[in-house]
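Novice: Below you'll find the structure I mean.
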């Protein structure tokens, strides 16, 4: 069964409230948010009417997908108070626990989800501050934009940090790219951070045109 089908089955057995902003109201608020976050992570999906529906299987979920959900997705998507965040995370934990009880293999089976969430919350403040600084860097570039030969929009993994330069590996790129950042920004960057960026190629160097979400990679 696909993740969507399992989420719907769980929601049928364990109904919870949804709201008008939910893209998948039949899943309830918490699983609808997780569903949208996983689609942002490029898990396989297909259009059903006007919405995308996950066709990925539970084993396709990785710890870094939970990192994206907790660190990068929830802070910017309707979740406001700590009690609401805790409620959503409890629902997510309950869903994966339900999968375990049904002996359905999934990509987080060997992880302690509660411990992983604690680790991710400890990294959230740094990543949110890094988002702000990267936004500032892109704003400075756009105030006096150089001639751009082409642009590249990808989710980049930080593979190396040297001085004020980061070496980035895109999901869809084979070669490493070097990007210069300000000393203030570089202090917050860590190896294995994921950075959602739009970069511009001036033929001499890469410059930051737009910054999206930031979250840490979590290994299995």
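The values are calculated or read from the model by the stated rules, or taken from the named source; none is laboratory data. Here the structure is a predicted model, which is why all the values come from computation and not from measurement. Cβ atoms come from the backbone with ideal geometry, glycine included; neighbour counts cover every protein chain shown.
Novice: Six or more apart or on different chains, Cβ atoms under 7 Å: show the pairs whose first residue is in the stretch 68-90 and over 15 Å from residue 212 (Cβ atoms) and whose second is in a loop (DSSP other than H, G, I, E, B) and modelled with pLDDT under 85.
Specialist: Matching pairs, first to second residue: 78/21; 85/79; 88/79.
Novice: Same structure again: Give the residues of the stretch 165-176 that are in contact with a strand residue (DSSP E or B) (Cβ under 6 Å, 6 or more places away or on another chain) and either farther than 29 Å from residue 70 by Cβ or buried (at least 20 other Cβ atoms within 10 Å of the Cβ) (or both), sorted by residue number.
Specialist: 166, 168
Novice: Filter the stretch 103-115 for residues that are over 19 Å from the mean Cα position of the chain (by Cα), within 17 Å of residue 60 (Cβ to Cβ) and modelled with pLDDT of 95 or more and give the result.
Specialist: Answer for the stretch 103-115, where residues must be over 19 Å from the mean Cα position of the chain (by Cα), within 17 Å of residue 60 (Cβ to Cβ) and modelled with pLDDT of 95 or more: 104, 105.
Novice: Can you find a residue that is within 20 Å of the chain's Cα centre (by Cα), modelled with pLDDT under 95 and under 27 Å from residue 111 (Cβ atoms) anywhere in the stretch 179-200?
Specialist: no
Novice: Could you count how many residues in the stretch 91-101 are without any contact (Cβ under 8 Å) to a residue 40 or more places away in the chain and over 16 Å from residue 120 (Cα atoms)?
Specialist: 4
Novice: Here's a follow-up. Do you know which residues across the stretch 192-220 are on the phi < 0 side of the Ramachandran plot and loosely packed, with under 13 Cβ neighbours inside 10 Å?
Specialist: Answer for the stretch 192-220, where residues must be on the phi < 0 side of the Ramachandran plot and loosely packed, with under 13 Cβ neighbours inside 10 Å: 204, 219, 220.
Novice: Could you please give the count of residues in the stretch 46-59 that are touching a strand residue (DSSP E or B) at 6+ places or on another chain (Cβ under 9 Å), in contact (Cβ under 8 Å) with a residue 24 or more places away in the chain and over 24 Å from residue 85 (Cα atoms)?
Specialist: Total meeting the criteria: 2.
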